[in-house]
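See below for the structure under consideration.
Readers should treat all values here as calculations from the given coordinates under stated rules, not as data from a laboratory. What you are looking at is a predicted structure, and each value in this text was computed from that prediction instead of being measured. Neighbour counts run over all protein chains shown; Cβ positions are idealised from the backbone, glycine included.
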Amino acid sequence: MAIRVMDLVSGASLNCFHFKNPKGHQNSRDFSIRCSVPLSSSHGAATIDLGERPWKVSDARLVLEDGSIWSAKSFGASGTQVGEVVFNTSLTGYQEILTDPSYAGQFVLMTNPHIGNTGVNFDDEEARECFLAGLVIRSLSISTSNWRCKQTLGDYLMERNIMGIYDVDTRAITRRLREDGSLIGVLSTEKSKSDDELLEMSRSWDIVGVDLISGVSCKSPYEWVDRTSLEWEFKSGGHSSETFHVVAYDFGIKSNILRRLASYGCKITVVPSTWAASETLKLKPDGVLFSNGPGDPSAVPYAVETVKQLLGKVPVFGICMGHQLLGQALGGKTFKMKFGHHGGNHPVRNFRDNRVEISAQNHNYAVDPASLPEGIEVTHINLNDGSCAGLAFPKLKIMSLQYHPEASPGPHDSDSVFGDFVEMMKQEKRNS
């Protein structure tokens, strides 16, 4: 039974509850609860002050270009940011995803609902900073539990000025992206900006045709020597006894690509995306790597021209963006996919070895194999949609993959492709 009483000092109304022990229940007893609220007085008048709520309330919005508005709670940095929304199906490895330069200009939505439980550490970073526009998740872990943890995810993003939101329906947004394709969105914690203003921002910005590579590439050449540490090494058979000099073009290269090359016996010189082909040839490399990177390959014609000038001169290996640049340099065309491939669970058929590999992928563009000239072999296809996932042209000493053989995060099924690149360089040395 509830009884309403009056506070004699303030005049405020309070609720008192008295619970009577039902007859026949011997293991319980009568008890009463008196509920009160904090009171504050203004000019002698009593008012009820609820104070701050003990839980976080929605203080952010994600506004998509299709007009949908998603309320959420913020973590990390505050402000307003525009980007392309893509979804990633990886179950683990959010820190590697955060530091993958290929996500520049994009909001990454994690389909795995629970993020942040292992915190972050500084050994798993794939680049010197975070290049993505923001992170969208369902549930932010309230605690961290991992022996390698050095910082919480929220603090990590705050220090790097990266926005994040949680308590948003990521499944509904993912379905929308699958049906309508990747959408431009605006994240904002600023109450002064109206929904219409944010919608206009999303509709007036585009990622197609934008050179994103120049913003993530290194500014000057450097040598890379670190291998995958013995603690994490998974390749059997040890390192190659022969050393090969590889020039790696940094279009947004991940650190673990370099570690895997070094683990296969390569001495690596990393050069900027604008590095001239003539300067590369002066270094007399045994091979050239064209790395992964963000955005539209058609927006970087200077990179395509560099690739063209190196074809046939030395063995080359392209990964992701490098694969797309090779496709264009060979005379083929690239196209923007509906929602791209982002995740660590994409099945790929390897025609050369006649096996299926589970791969880690992150790209929004693909090479149209029908546009390629004769003689170029499609070595891999994505089994989800049949898109081209690998190329080879032995005549010009070319090999490429549309996905990440180093994974990080993801399975190691395709790691042996680094060995294939080394074998191609060995063969070239024997023939020269």
### Task
Could you pull out the trypsin sites (Lys or Arg not before Pro) across region 47-111 that fall in loop regions by DSSP (anything but H, G, I, E, B) with no more than 16 other Cβ atoms inside 10 Å?
LYS56
### Query
What is the P(r) of region 183-263, as percent of Cα-Cα pairs per 10 Å bin from 0?
13, 28, 20, 18, 15, 6, 0
### Query
Gain in length, GLU377 to LYS282, computed as 0.36 nm per residue apart minus the alpha-carbon separation, to one decimal in nm?
31.2 nm
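Tally the DSSP beta bridges in region 213-431 and give the antiparallel ones as a percent, rounded to 5.
Values: 27 of 45 bridges.
Counting DSSP beta bridges with both partners in region 213-431, the antiparallel share is about 60 percent.
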#### Entry: Helix 417-431 axis, angle to the chain major axis (alpha carbon atoms, nearest 10°)
20
## Note on the structure
Taking the alpha-carbon centre of each part, the distance from region 281-325 to region 330-388 in Å is 18
### Query
Tell me, what is the percent relative contact order of region 213-431, built from C-alpha pairs under 8 Å that lie six or more residues apart?
18
### Query
Which entries in LYS73/LYS338; LYS313/LYS426; LYS336/LYS395 show an alpha-carbon gap greater than 19 Å?
LYS73/LYS338; LYS336/LYS395
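To the nearest 0.05, what FRET efficiency results for PHE335 and THR144 with a Förster distance of 56 Å applied to their C-beta separation?
Values: r = 41 Å, r/R0 = 0.73.
The formula returns an efficiency of 0.85 here.
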### Query
With labels modelled as points extended 7 Å from the Cα through the Cβ direction, what inter-label distance (nm, one decimal) is found for ARG352 paired with HIS245?
2.5
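Which length gain, in nm to one decimal place, applies between ASP123 and LYS313 when the Cα-Cα distance is subtracted from 0.36 nm times their residue separation? Show your work: numbers first, answer last.
Details: separation 190, 0.36 × 190 = 68.40 nm, distance 3.63 nm.
Once the chain is fully extended between ASP123 and LYS313, it gains 64.8 nm.
Explain nothing, just the number: relative contact order of the chain, from Cα pairs under 8 Å at least 6 residues apart, as a whole percent. The partial results should precede the final answer.
Numbers: 984 pairs, mean separation 54.1, N = 432.
Relative contact order comes out at 13 percent.
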### Message
Residue by residue through region 402-412, what is 3J(HN,Hα) from phi via Karplus (6.51 cos²θ - 1.76 cosθ + 1.60, θ = phi - 60°)? Round to whole Hz and write x for glycine and proline.
### Response
7, 10, 9, x, 7, 6, 6, x, x, x, 9
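How much length is gained if the chain between TRP205 and LYS56 is pulled fully straight, taking 0.36 nm per residue apart and subtracting their Cα-Cα distance, in nm to one decimal?
Numbers: separation 149, 0.36 × 149 = 53.64 nm, distance 3.10 nm.
Net length gain for the segment: 50.5 nm.
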### Task
Would you mind working out the magnitude of the charge dipole of region 245-305 relative to its Cα centre, with +1 at each Lys and Arg C-beta and -1 at each Asp and Glu C-beta, to the nearest 20 Debye?
340
### Query
How large is the dipole of region 170-232 about the Cα centre if only Lys and Arg carry +1 and Asp and Glu carry -1, each at its Cβ, rounded to the nearest 20 debye?
240
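Out of all DSSP beta bridges with both ends in the chain, state the antiparallel percent to the nearest 5.
Antiparallel bridges: around 65 percent, rounded to the nearest 5.
With +1 on each Lys and Arg Cβ and -1 on each Asp and Glu Cβ, how big is the dipole of region 213-431 about its Cα centre, in debye rounded to the nearest 20? Write out the running numbers ahead of the final one.
On the way: 22 positive and 22 negative charges, 76 e Å.
For region 213-431, the charge dipole is close to 360 debye.
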### Task
Only helical DSSP H runs with n ≥ 4 go in: add -39500 (n - 2.57) per run for the chain, normalise by residue count and round the 222 nm mean residue ellipticity to 500 deg cm²/dmol.
-5500 deg cm²/dmol
#### Entry: Under 18 Å from the ASN161 label point (7 Å along Cα→beta-carbon), backbone N, region 118-152
128-135
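Between GLU423 and TRP232, what's the calculated FRET efficiency when r is the beta-carbon distance and R0 is 30 Å? Round to 0.05.
Working: r = 24 Å, r/R0 = 0.79.
The pair GLU423/TRP232 has a calculated efficiency of 0.80.
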### Query
Using a simple spin-label model with points 7 Å from Cα along the Cα→Cβ vector, what separation in nm is obtained for ALA299 and SER416?
3.7
### Task
Give the angle, between 0 and 90 degrees and rounded to the nearest 10, that separates the Cα long axis of helix 301-310 from the longest principal axis of the Cα atoms of the chain.
40
### Computed FRET value (nearest 0.05) for GLN151 with LYS395, which takes r as the C-beta separation and R₀ as 45 Å
0.35
